[in-house]
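Take a look at the structure below.
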Amino acid sequence: MSVPPFQLHRIDHIVLRVRDSARMQAFYCQVLGCTVERRQDEIGLLQLRAGDSLIDLVDVAGKLGRAGGAAPGAEGHNLDHLCLRVDPFDHDAILAHLHAHGVAVGDFGPRYGAEGEGPSQYLSDPEGNTVELKGPPQPPAATPA
């Protein structure tokens, strides 16, 4: 078995095929705090900065989007979910913020991620993609002596 000549560090970017680029940009920037990194209107691509990573929005009506087939919808999505690591993780403040923006909130609970098990809140973006906001790992519980 061969070992690759490189080491993986993190997710660089994720690409979402979208029907309403402006609405999705507003959600990811105004609700989740992304910023516009780069826009390539000639191919229908908007790149948003999400911490150390990018979220690319590809308009299904644009050059790139048309190449991907039908738009995502209730019958099928292009993605199971996107997980964004957030800090600090104040669950009450996060819920208040999401509710103030009319965001559909899903399940909350401890979930395992890249750094270990920690708090996690699911929500939906305007086009029905599931987004997970993941907090820092919880320290292991002390075992009684």
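All of the numbers you see were taken from the coordinates with simple rules; none came from a lab. This one's a predicted model, so the numbers in the text were calculated from it and none came from an experiment. Here the Cβ positions follow ideal geometry from the backbone for every residue, glycine too, while neighbour counts run over all protein chains shown.
Values as computed for the structure displayed
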read-out: Gyration tensor (Cα) of the chain, equivalent ellipsoid semi-axes in angstrom; value: 29, 21, 14
read-out: Dipole axis of the chain (+1 Lys, Arg; -1 Asp, Glu on Cβ), positive-most option in ALA61, MET24, PRO72; value: ALA61
read-out: Sites GLU42 and ALA100 - FRET efficiency at Förster radius 25 Å, r taken between beta-carbons, to 0.05; value: 0.10
read-out: Part-to-part distance (alpha-carbon centres) for region 1-40 and region 80-122, which is given in Å; value: 18 Å
read-out: Extension gain (nm, one decimal) between PHE108 and ASP87, 0.36 nm per residue minus Cα-Cα; value: 6.0 nm
read-out: Bridge type composition, the chain - antiparallel percent by DSSP, nearest 5; value: 70 percent
read-out: 5 angstrom amide H check on ARG17, placed H, neighbours 5+ away; value: VAL58
read-out: Rule-of-thumb Rg ratio for region 48-111 [Cα; 2.2 N^0.38 Å; N residues]; value: 1.44
read-out: Relative contact order (%) - criterion: Cα under 8 Å, at least six apart; region: the chain; value: 20 percent
read-out: Residue-averaged 222 nm ellipticity for the chain, from DSSP H runs of 4+ at -39500 (n - 2.57), nearest 500; value: -3500 deg cm²/dmol
